[in-house]
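My structure is below; once you've seen it, I'll send some questions.
Just so it is clear, none of the values below were taken in a lab; they were calculated from the coordinates. Remember, it's a predicted structure, so these values are computed and weren't measured experimentally. Positions of Cβ are backbone-derived with ideal geometry, glycine not excepted, and every protein chain shown enters the neighbour counts.
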């Protein structure tokens, strides 16, 4: 994060150094002054020529000038003849910047400014010219954006110019976008041969051009357009399905994160911890606290919050285990009630000590935004990270349970406590460590959740019932079951949502689980052998 | 359960011969009579006068007490910890609320003679089918028993048939009430959505705002609590009750002895749900509103802690617990609202860790201990 910022700043400094080489700047500034003067002083009829001169000059600043001109923000200070760009035009004094150097000048009285006039036909021309200028910049990403913006808004003259530009374009994506823009234009003109170029396009402009074409008088064009639209719809459907799946997986991975700690304490230890949701909440608040400790470094704080959240929740878990749960061994219903009481206390503690209101946790830059797969499908980054995080946490837990001494001891104590103790395993110590592990994972879930939902005292409550459902659905004492159950419940929920609405979808899922338990009382993946007794 | 015709009468009469039931009924009658007399006979200026507000508050406590008795019946004597009894309470309450809603008639804000205000507001042009019949008191009162009973029957049938017990059942009952809460929050359900049913005018022709009606409702609640208590005691003392205690203590063993455990569980569960429904139905006219928050899992689990505090498997303990906790809640939320959740949470922990037999256990400890074995989960499966 900070490294990236340093790099960006370094880059800017380099650019400034380069651009201030005096001799070069001097000559180009003179030239620019003449160009702008020509624009300012000529009549409307001659302004078109002046605009073209500026566009062709190859000056880096040309785009800025023309853009300001199009928006009526290019002005000249009457006395000095200095050209300025208006940054802020409210009130009597306007904030301006020098058009040539780009340096802010400060406030200038509105009366001292002589705005360079523009009319509508010039403005229309300018739009095209600006777009074409954008198509000639070096950065391919900017060219791509410009090319995409062109679709559906070009006329004959621009189509010609774009045709010329296509010859020199070497970036394939920009080429495709430009070709599409021309094809849309041709379809709008009634060219049947251009329809095929649009048949796989997901762009909404292409779709509206085709929809318009289906109503055309030319039967051949109408039929071709209809065909192409059908293909597009099919493609859209797939993309939509992929999107639903993505949302489902992301919701599912949240459920997995929330439930997997419970799968350890409930599934492996047989302890009902109703305060599990509040341990998640503690993790989320730890993230918030970290960001308060490290202001201006949300990314670093988030990364540090991962171990911190684990620790905070694990310590809270140990405190709960030592103070209450150890006295209620073998009395699951009483454990449930006592831990529920703890959850109430923790909630109220957060309300009293911090605030009853939601806290804002900042999403760092590298987690915001989205990955665009194609024009109909883009995946938000924060959810992608949460999916990845859930999988990493799951894999880590699997490793601990399968490959470490602790995991072995936990499994031994679970299967036969008395025998494990006879073999020299300290059952009490294993209890504490297991509970700490499950609680710590809840803290990790909280850190992840802080990125996609509100952090407030009720955060945990919203997840506790869902988490229990996931564990019960997956089969108690089975981590794989929890993973599959969480992901599938999330996906089912998302699939139902479009036709049932969010609330009804949730109800349907709950009813589904109640009915499912009729068929398989021990969940998707029941434990087999001795562990299944009970 | 086959029973000789002779014992059929005994079954209901037996509770009256029990010392604890006699005490309980005596104290309840005395308390209700005392409150009524203090309310009616003393002038408002007298410091001992019980105001109409207090009468309604006490009536509310009695409703909670009946609900607690219902929970104790399934938890104390059947070993099923229901975290969703609030659902039955609320369903009963909604049945009563629908009746009260229809009694408003054209006195609502929109003056529509058949449609309740919220339906007019939602632009509905006719009554949904399930609202028909609720203009008749007898129908509504039958539904107060039937609706929660049916819900419990379907749910219990599904759960007990597949032998879902213990913690699983608790969590599923919690999911049930949670799902119902979400459902009732929806306007499309036709139960007033978020706002629920309110603005009631009268019940059976009596104006709900008058002190006399309030006192009447209080006495009715006292009678209902007494009846509910007798029914529960009768069930518990019967052969069925003994089988259900056997289910609680060793479910598998009872099954191997040839009893149909799931039928016993279903019967007791449904009776308990109906009692909860009656409690809800008496609660609604006294507080004047029923909304989906009664379905919230927190409320249901709170009920369990009343029972735990009072003492499981005693029935009268449930009544003591309900009244004590709710009195404390009234005091606390008035004096320092923030502290209430701390107190409640602390109560959960303290009762389960330090006071497993509740207050009733303390009382009983002085006398001879007649309780069957501590009712904690010493089920072989745990």
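For residue A:373 and residue A:453, what does the FRET efficiency come to when R0 = 22 Å and r is the distance between their Cβ atoms, rounded to the nearest 0.05?
On the way: r = 24 Å, r/R0 = 1.10.
E between residue A:373 and residue A:453, to the nearest 0.05, is 0.35.
Compute the relative contact order of the range B:215-305 as a whole-number percentage, counting only Cα pairs closer than 8 Å that sit 6 or more residues apart in sequence. Each step should come with its number before you reach the end.
Working: 22 pairs, mean separation 25.2, N = 91.
About 28 percent, as a whole number.
Once the Cα gyration tensor of the range A:328-410 is found, what semi-axes does its equivalent ellipsoid get, as square roots of 5 times the eigenvalues, in whole Å, sorted largest first?
On the way: eigenvalues 246, 139, 27 Å².
In descending order, the three semi-axes are 35, 26, 12 Å.
Using every Cα-Cα pair within the protein assembly as shown, state what percent have a distance larger than 58 Å.
Working: 127023 of 419070 pairs.
I get 30 percent for the Cα pairs in the protein assembly as shown exceeding 58 Å.
Please average, across the residues of A:350-359, the number of beta carbons from any other chain that are within 10 Å of each residue's own beta carbon, and give a whole number. Intermediate results must be reported in sequence, preceding the final value.
Details: counts 0, 2, 4, 0, 0, 0, 1, 0, 0, 0.
For peptide A:350-359, the averaged partner shielding equals 1.
Please list, short to long, the whole-number percent of alpha-carbon pairs of the range A:28-122 in consecutive 10 angstrom bins beginning at zero.
Reading upward from the zero bin: 17, 54, 27, 2.
Could you order peptides B:17-23, B:271-277 by the average number of other Cβ atoms within 10 Å of their residues, highest first? Intermediate values should be presented prior to the final figure.
On the way: B:17-23: 12.9, B:271-277: 28.9.
Put in order of decreasing packing, that is B:271-277, B:17-23.
Calculated from DSSP H runs of 4 or more alone, at -39500 (n - 2.57) each and per residue, what is the 222 nm mean residue ellipticity of the protein assembly as shown, nearest 500? Could you put the intermediate results ahead of the total?
On the way: 36 runs with 623 residues, N = 916.
It comes out at -23000 deg cm²/dmol, rounded to the nearest 500.
Calculate the FRET efficiency for residue B:30 and residue A:518 from the Cβ-Cβ distance with a Förster distance of 45 Å, rounded to the nearest 0.05. Please report the intermediate quantities before stating the final value.
Values: r = 48 Å, r/R0 = 1.07.
Computed FRET efficiency for residue B:30 and residue A:518: 0.40.
Starting from 0.36 nm per residue, how many nanometres of slack lie between residue A:52 and residue A:220 once their C-alpha separation is accounted for?
On the way: separation 168, 0.36 × 168 = 60.48 nm, distance 4.08 nm.
Fully extending the segment from residue A:52 to residue A:220 adds 56.4 nm.
Between residue A:319 and residue A:405, what is the spin-label point distance in nm, taking each point 7 Å from the Cα along the Cα→C-beta axis?
So the label points at residue A:319 and residue A:405 sit 2.9 nm apart.
To the nearest 0.05, how large is the calculated FRET efficiency for residue A:107 and residue A:79 if R₀ is 25 Å and r is the Cβ-Cβ distance? Before the final figure, lay out the partial values.
Details: r = 15 Å, r/R0 = 0.62.
E(calc), rounded to 0.05, equals 0.95.
Moving on to the next point. Ordered by packing density, taken as the mean number of other Cβ atoms within 10 Å over each peptide's residues, highest first, how do B:352-359, B:67-74 rank? Walk me through the numbers on the way to the answer.
On the way: B:352-359: 18.6, B:67-74: 31.0.
Top to bottom by mean Cβ count within 10 Å: B:67-74, B:352-359.
Report the label-to-label distance for residue A:428 and residue A:44 in nanometres (one decimal), using points 7 Å from each Cα along the Cα→Cβ vector.
For residue A:428 paired with residue A:44, the spin-label model returns 9.4 nm.
Work out, step by step, the length gained on full extension between residue B:330 and residue B:126: first 0.36 nm times the residue separation, then minus their alpha carbon distance; give nm to one decimal.
Numbers: separation 204, 0.36 × 204 = 73.44 nm, distance 4.08 nm.
Full extension of this stretch gives 69.4 nm more.
Using alpha carbons only, how many degrees (0 to 90, rounded to 10) separate the axis of helix B:137-161 from the longest principal axis of chain B?
40
Follow-up. Under a 10 Å cutoff between Cα atoms, tell me which one of B:189, B:181, B:136 has the largest fluctuation in the Gaussian network model of chain B.
So, out of B:189, B:181, B:136, the one fluctuating most is B:189.
Next question. Relative contact order of the range B:19-298, please, whole-number percent, based on alpha carbon pairs below 8 angstrom and at least 6 residues apart. Don't jump to the answer; show the numbers that get you there.
Working: 410 pairs, mean separation 107.4, N = 280.
With pairs under 8 Å counted, the relative contact order is 38 percent.
With each pseudo-label sitting 7 Å past Cα toward Cβ, what's the residue A:418-residue A:193 distance in nm, one decimal?
Here the answer is 9.0 nm between the modelled labels.
Quick one: helix A:298-323 against the long Cα principal axis of chain A, what's the angle to the nearest 10°, folded into 0 to 90?
Tilt relative to chain A: about 20 degrees.
Considering every residue in B:162-170, what mean count of other chain Cβ atoms within 10 Å of its Cβ is obtained?
Numbers: counts 6, 1, 5, 1, 4, 11, 8, 2, 7.
Going residue by residue through B:162-170 and averaging, the value is 5.
With a 10 Å radius around each residue's Cβ, average the other Cβ atoms per peptide and rank A:477-489, A:310-322, highest first.
Details: A:477-489: 23.5, A:310-322: 21.2.
Top of the packing list down: A:477-489, A:310-322.
Right, next: Using a cut-off of under 18 Å, list every residue of the range B:261-303 whose amide N is near the label point 7 Å from the Cα of residue B:162 along the Cα-to-beta-carbon line.
B:262-263, B:266
Which whole number gives the average, over all residues in B:339-345, of C-beta atoms from other chains lying within 10 Å of the residue C-beta?
Partner-chain Cβ atoms within 10 Å, mean over residues of B:339-345: 6.
Right, here's the next one. How far, in degrees from 0 to 90, does helix B:297-310 lean away from the longest principal axis of the Cα atoms of chain B, to the nearest 10?
Once rounded, one gets 50 degrees.
Now for a different question. With 32 Å as the cut-off, how large is the P(r) tail for the range B:19-298, expressed as percent of Cα-Cα pairs?
On the way: 11811 of 39060 pairs.
Pairs farther apart than 32 Å: 30 percent.
Taking 0.36 nm per residue of separation and subtracting the Cα-Cα distance, what length does fully extending residue A:173 through residue A:326 add?
48.7 nm
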